[in-house]
There are 2 protein chains.
Amino acid sequence: MIPTKGYAAQSATTPLAPFSFEHREPGSHDVHLEITHCGVCHSDIHQTRDEWGGSLYPMVPGHEIIGVVKQVGASVTKFSPGDRVGVGCFVDSCRTCSNCNEGLENYCENQFTGTYNSKTRDGSGLNFGGYSNQIVVDERFVLKVSDKIDPAAAAPLLCAGITTYSPLRHWKVGPGKKVGVIGLGGLGHMALKFAHSFGAHVVCFTTSPEKVADAKRLGAHEVILSSSEEEMAKAAGSFDFILDTVSAPHDLGAYINLLKRDGTMCLVGVPPETAAIHAFALVMGRKRLAGSLVGGLPETQEMLDYCAEHGISSDVEVIPMAKINEAYDRVLKSDVKYRFVIDMATL
Amino acid sequence: MIPTKGYAAQSATTPLAPFSFEHREPGSHDVHLEITHCGVCHSDIHQTRDEWGGSLYPMVPGHEIIGVVKQVGASVTKFSPGDRVGVGCFVDSCRTCSNCNEGLENYCENQFTGTYNSKTRDGSGLNFGGYSNQIVVDERFVLKVSDKIDPAAAAPLLCAGITTYSPLRHWKVGPGKKVGVIGLGGLGHMALKFAHSFGAHVVCFTTSPEKVADAKRLGAHEVILSSSEEEMAKAAGSFDFILDTVSAPHDLGAYINLLKRDGTMCLVGVPPETAAIHAFALVMGRKRLAGSLVGGLPETQEMLDYCAEHGISSDVEVIPMAKINEAYDRVLKSDVKYRFVIDMATL
């Protein structure tokens, strides 16, 4: 067993605190990596505080993991010690269902195994995530990360990056399309960068006038203040696609109204509460409300390679591990531009 | 002006009663038709009782109209006196927006003009619908109805027929697809017939065990009792497409759970209330909740021709005009197989 140091929540109401645990010895298909950076995702907060229900404690959060390979199992072919690698939102899946066979392990019909807040596939123990100095992961679930990207700025690509890249690709966002991004946080700022890079006309929706300039710097051609009834009314019926990155309750109908006929609004933020939808909103104009959940391993690798090639990464604020509870408070106040990343050397 | 007899609601709380009014003299592009039959749609009840808000009184309902051409304007080319014709849910639109130009007048960007419960395009008066002995309609909004179809059984095709045909076509229901139909009423029974005719594997969801045999007769290969948790659990993740025809409040999440990855559930029933949707339901499996509203004129004509060719029409119970209030009560109790059609000779 590999003695590991990290930070854990012991219950829904206790702050994160230092925690020691063990990882399995690397098997023949495993990669053992030393974690250098881990991003702080809003879903880490939802899960440590049990806002989605069913949380498993102790919980070491973190699924935006960048590290360096320390050792590999005898059968590992893709990685060698010293390689820069990443681990995202899941570390296993059934590997036999049709979705897994298509490389869409994110939609595994037998449920993927989350990087943390999950039981090991054999049910014998819990998985612990990236707020720690090491992790052992099967090579299928490990990604190559180019040295061209700053490792701290690469970490959020493993969740915020793929979560926005995948639906923008799936719904064919590109030249000639008018695309909205709701919310300018960890997910939203990546969506602006990708949608701009794909050649779409990009509009950012925000409630904060002080974010306008930054939204434009990040790739928005226009910014709409969603609090302005006048601006919202002017935009009615004009969007091909809207990506909704907000994970706090908000009025979906107000945005569905902005779609063209046959337009799609896709949810990637998951508020703990249900949303109220009137059938009329979808029926008028044959509109679609969809969802999307991170991405499969092949597409995650494609996204990382695309980022290296096009110079895309996250805007991050690097913090020491000990500041994590303060960082959570600031995430909830949207006081971060645009993702906290823990420098694991500080652990 | 053309003196016309019909039945109207004078307010949201009064029953329908005999009403005399006038239609415009037919202009050069108009078709003047004598109505022989008119279907009774659930939305007639929603609108006469102002359950969607904004109802205009007096209201002569009816948008599943079958008639015979009495006279045509000088410029009319498609129709001659004596032709069997139909009029559906709308009698005008802007005719200039991109949706109208594509023959999707149902999604007119400047709002189509409903067959009833609407103002005339010039704002000068109200439009009165098919619970009456005559109507005058621009030829663009009049459809040819083959003599091969019984006229009473043809009437519901103008709303229930196209409302189900259009989304089944749009989402490419056909061989190799597993398709669900929620609700076995006016819309649902047509959806079963079409989906079966298109070659899909068809499953009917109903709350009524006594409807099972009839659902199979109408085209269902399987029937699932939606009240059975066990049957619903067994069907999880297995549907390509589900058409939801129910216009009473119900749990959408329970059905979205039955979709495969990338599956679509399409709403065509419009409950007056909003529905509660949890983002997780759509995010897990990249699912889509959509809406669809009747169909454009070219597709409505295509549907009518398809029905004539394939021997498809509605199962109807023909009633005299004077029984309309009783019929409304029975619709609300789902006590009709599967559509009331008024025999206008009884007016």
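None of the figures in this text is laboratory data; all of them are computed from the coordinates on show. Given the structure is predicted, the values throughout are model-derived calculations rather than measurements. Positions of Cβ are generated from backbone atoms using ideal geometry, with glycine treated the same way; all protein chains shown enter the neighbour counts.
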Exercise for the section: Check each of the chymotrypsin sites (Phe, Trp or Tyr not before Pro) in the stretch B:3-48 and keep only those in coil by DSSP with at most 11 other C-beta atoms within 10 angstrom; list them in order. Expected result: none
Problem - DSSP bridge orientation in chain A - percent antiparallel, rounded to nearest 5 - result: 55 percent
Exercise for the section: Based solely on C-alpha atoms, express the radius of gyration and the Dmax of the stretch B:161-291 in angstrom. Expected result: 13.2, 37
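Kindly state, to the nearest 0.05, the FRET efficiency for residue B:305 paired with residue A:111, given R0 = 56 Å and r defined as their beta-carbon distance.
For R0 = 56 Å, the calculated efficiency reads 0.75.
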Completion exercise
The residues A:171, A:52, sorted from fewest to most surrounding Cβ atoms within 10 Å, come out as A:52, A:171
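Let me confirm one metric for peptide A:90-100, namely the mean number of other chain beta-carbon atoms within 10 Å of its residues' beta-carbons.
The per-residue average across the peptide is 1.
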Practice task
Calculate one ³J(HN,Hα) per residue across the stretch A:118-135 by plugging θ = phi - 60° into the Karplus curve 6.51 cos²θ - 1.76 cosθ + 1.60, and present them in order as whole Hz with x for glycine and proline.
Solution key: 8, 8, 4, 4, 7, x, 7, x, 9, 8, 10, x, x, 7, 6, 8, 8, 7
Handout entry: Zone of residue B:227's modelled label, taken as backbone nitrogen in the stretch B:322-344 under 18 Å from a point 7 Å along Cα→Cβ
Key = B:332-336
Practice task
State, to one decimal in nm and shortest first, how far the label point of residue A:11 sits from each corresponding label point in the other identical copies (label point: 7 angstrom along Cα-to-Cβ).
Solution key: 6.0
Practice task
Go through the stretch B:7-13 residue by residue and turn each phi into a ³J(HN,Hα) via Karplus (6.51, -1.76, 1.60, θ = phi - 60°); whole Hz please, and just put x for glycine and proline.
Solution key: 10, 9, 9, 8, 6, 5, 10
Problem - In degrees, nearest ten, helix A:186-197 long axis to first principal axis of chain A (Cα) - result: 70 degrees
Problem - For residue A:236, inter-copy label distances in nm, listed shortest first [label point 7 Å out on the Cα-Cβ vector] - result: 4.1
Exercise for the section: Show me A:276-286, A:225-235 ranked by packing, highest mean number of other Cβ atoms within 10 Å first. Expected result: A:276-286, A:225-235
Practice task
Can you put A:44, A:251, A:138 in order of Cβ neighbours within 10 angstrom, beginning with the fewest?
Solution key: A:251, A:138, A:44
Problem - residue B:146 versus residue A:17: modelled label distance in nm, points set 7 Å from Cα along the beta carbon direction - result: 7.8 nm
Exercise for the section: For chain A, calculate the relative contact order in percent as a whole number, restricting contacts to Cα pairs under 8 Å that are 6 or more residues apart. Expected result: 18 percent
Problem - Three-way shape label, chain B, alpha-carbon gyration tensor, a/c 1.5 - result: prolate
Completion exercise
Pseudo-spin-label distance residue A:343 to residue B:208, built 7 Å along Cα→Cβ, given in nm, is 7.0 nm
Exercise for the section: Take every DSSP beta bridge with both residues inside the protein assembly as shown and express the antiparallel ones as a percent of the total, to the nearest 5. Expected result: 60 percent
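Defining a contact as two alpha carbons under 8 Å apart and six or more residues distant in sequence, what relative contact order in percent does the stretch A:161-291 show? Write down the numbers at each step before the final one.
Values: 269 pairs, mean separation 28.0, N = 131.
About 21 percent, as a whole number.
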Handout entry: Per-residue average of Cβ from other chains inside 10 Å of A:265-275
Key = 4
Problem - Per-copy distances of the residue A:144 label point, shortest first, in nm (7 angstrom along Cα→Cβ) - result: 6.2
Exercise for the section: Once you've got the Cα coordinates, tell me which of A:172/A:193; B:148/B:211; A:172/A:260; B:5/B:323; B:211/B:337; A:5/A:148 are over 18 Å apart. Expected result: B:148/B:211; A:5/A:148
Handout entry: Label-point gap, in nm, between residue A:70 and residue B:234 - each point 7 angstrom along Cα→Cβ
Key = 5.0 nm
Completion exercise
Exposure-ranked with fewest Cβ neighbours within 10 Å first, B:338, A:107 stand as B:338, A:107
Practice task
Answer rounded, prolate or oblate for the stretch A:233-326, using the Cα gyration tensor with square roots of eigenvalues a ≥ b ≥ c: rounded when a/c is under 1.5, else prolate when a/b is larger than b/c, else oblate.
Solution key: prolate
Practice task
Report, in degrees rounded to the nearest 10, the 0 to 90 angle that the Cα long axis of helix B:297-310 makes with the longest principal axis of chain B.
Solution key: 70 degrees
Problem - Euclidean distance between Cα centres, the stretch B:187-219 to the stretch A:263-338, Å - result: 40 Å
Handout entry: Phi-based couplings in Hz for the stretch B:144-158 (Karplus 6.51, -1.76, 1.60; Gly and Pro marked x)
Key = 7, 10, 4, 5, 5, 9, 4, x, 5, 6, 7, 3, x, 4, 5
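Give the shape of the protein assembly as shown as rounded, prolate or oblate, defined through the alpha-carbon gyration tensor: a ≥ b ≥ c are the square roots of its eigenvalues, a/c under 1.5 means rounded, and otherwise the shape is prolate if a/b is larger than b/c and oblate if not.
Values: a/c = 2.71, a/b = 2.15, b/c = 1.26.
Verdict is prolate for the protein assembly as shown.
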Problem - Between the stretch A:87-105 and the stretch A:26-80, the Cα center-to-center distance that results, in Å - result: 16 Å
